[in-house]
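The values are calculated or read from the model by the stated rules, or taken from the named source; none is laboratory data. Keep in mind that this is a model prediction, so the values were computed, not measured. Glycine also receives a Cβ, built like all others from the backbone with ideal geometry; neighbour counts cover every protein chain displayed.
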Amino acid sequence: MVGEATPADLDAIVALHTEARATYYRDHRPAEEYEGAAELARSREGWAGAVGRPGATVLCAEAGDELVGVAAFAEREGSVYLSQLHVAPARWRSGVGAALHAACLDAWQRAGFRTARLEVFEHNARARSFYARHGWAPDPDRPRDGTHLLLRLDVPVAGIPRPPSAFARET
């Protein structure tokens, strides 16, 4: 089940975010960038600011009483920006990410967004493949920012199916 986050979800969101980031940054980034008390405090502060912030949306995916995924997005410069989409590593490839993505897409369509953008860590092949399967492609205006690839999605009009992208078929 996917629904909007509340302040009561904050501890679970931070724990899931920390675990997910550690799995894709390990062996690519220094541990202090994703582990330790300082990083945990920074993460908590960021998520606390996002939950309930006007103009931002944080969605939680739950299985029973367990938080299994989280996504966050907000408008930026006329597009919607997906800043976070994390699934508990034990739940990868179980449909949680697809359910969160579908809920995001539904919200973007209802809000009238036509373009969505995100950044993905270049070494996170699993996430890059996930996004490609869901129609995201390199942003032609700005394809990268340091160690992150910038992706863009043309948000389909509600009720009109979007053809699969050629980029998604190649991955």
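Of all residues in the stretch 34-58 being over 13 Å from HIS17 (Cβ atoms) and part of a strand (DSSP E or B), which is modelled with the highest pLDDT?
The selected residue is THR57.
Could you list, in sequence order, the residues of the stretch 84-121 that are more than 14 Å from the chain's Cα centre (by Cα) and of a type in the set (Phe, Trp, Tyr)?
Selection gives PHE113 alone.
Could you give me the residue pairs with C-beta distances under 9 Å whose first residue belongs to the stretch 123-139 and is on the phi > 0 side of the Ramachandran plot, whose second residue is not in a loop (DSSP other than H, G, I, E, B) wherever it lies, and which are 6+ apart or on separate chains?
Taking only residues 6 or more apart or on different chains, the pairs are GLY135/LEU153; GLY135/ASP154; GLY135/PHE167; GLY135/ALA168.
Would you point out which residue out of GLY49, GLY36, GLY78 is more than 13 Å from the chain's Cα centre (by Cα), surrounded by fewer than 14 Cβ atoms within 10 Å (Cβ to Cβ) and closer than 23 Å to LEU151 by Cα?
Numbers: GLY49 fails: closer than 23 Å to LEU151 by Cα; GLY36 fails: closer than 23 Å to LEU151 by Cα.
So the residue among GLY49, GLY36, GLY78 that is more than 13 Å from the chain's Cα centre (by Cα), surrounded by fewer than 14 Cβ atoms within 10 Å (Cβ to Cβ) and closer than 23 Å to LEU151 by Cα is GLY78.
With the requirement that a residue be closer than 13 Å to VAL80 by Cα and either out of contact with any Leu (no Cβ under 9 Å at 6 or more places or on another chain) or of a type in the set (Gly, Ala, Ser) (or both), what does the stretch 109-151 give you?
Once the filter is applied, which keeps residues that are closer than 13 Å to VAL80 by Cα and either out of contact with any Leu (no Cβ under 9 Å at 6 or more places or on another chain) or of a type in the set (Gly, Ala, Ser) (or both), the stretch 109-151 yields GLN109, ARG110, ALA111, GLY112, PHE113, ARG114, ALA116.
Spot the failing condition for ARG142; the list is (1) farther than 28 Å from LEU10 by Cβ; (2) touching an Asp or Glu at 6+ places or on another chain (Cβ under 8 Å); (3) not small (Gly, Ala, Ser), and only one is missed.
All conditions pass for ARG142, except number (2).
Residue-by-condition table, conditions (1) closer than 24 Å to GLY135 by Cα; (2) among the charged types (D, E, K, R); (3) surrounded by 15 or more Cβ atoms within 10 Å (Cβ to Cβ):
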position: MET1; (1), (2), (3): yes, no, no
position: CYS60; (1), (2), (3): yes, no, yes
position: ALA72; (1), (2), (3): yes, no, yes
position: LEU85; (1), (2), (3): yes, no, yes
position: ARG91; (1), (2), (3): yes, yes, yes
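Going by the structure shown, is LEU16 farther than 24 Å from ALA137 by Cα and crowded, with 21+ Cβ neighbours inside 10 Å? So that I can check it myself, show each step before the final result.
Details: farther than 24 Å from ALA137 by Cα: yes; crowded, with 21+ Cβ neighbours inside 10 Å: yes.
So LEU16 passes the test.
This table checks each residue for (1) at pLDDT below 95; (2) under 22 Å from HIS17 (Cβ atoms).
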position	(1), (2)
ALA71	no, yes
GLU75	yes, yes
GLY78	yes, no
GLY112	yes, no
ALA125	yes, yes
ALA137	no, no
HIS148	yes, yes
THR171	yes, no
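Regarding VAL96, is this residue in contact with a Phe, Trp or Tyr (Cβ under 8 Å, 6 or more places away or on another chain) and among the β-branched types (Val, Ile, Thr)?
Details: in contact with a Phe, Trp or Tyr (Cβ under 8 Å, 6 or more places away or on another chain): no; among the β-branched types (Val, Ile, Thr): yes.
When the stated conditions are applied, VAL96 does not pass them.
Provide a single number: the residues in the stretch 103-122 that are touching a residue at least 60 places away in the same chain (Cβ under 8 Å) and either part of a helix (DSSP H, G or I) or closer than 15 Å to ALA72 by Cβ (or both). Step through it out loud before you land on a result.
Applying the first criterion (touching a residue at least 60 places away in the same chain (Cβ under 8 Å)) to the stretch 103-122 yields 103, 121.
Now narrow it down to the ones that are either part of a helix (DSSP H, G or I) or closer than 15 Å to ALA72 by Cβ (or both): 103.
Total satisfying the criteria: 1.
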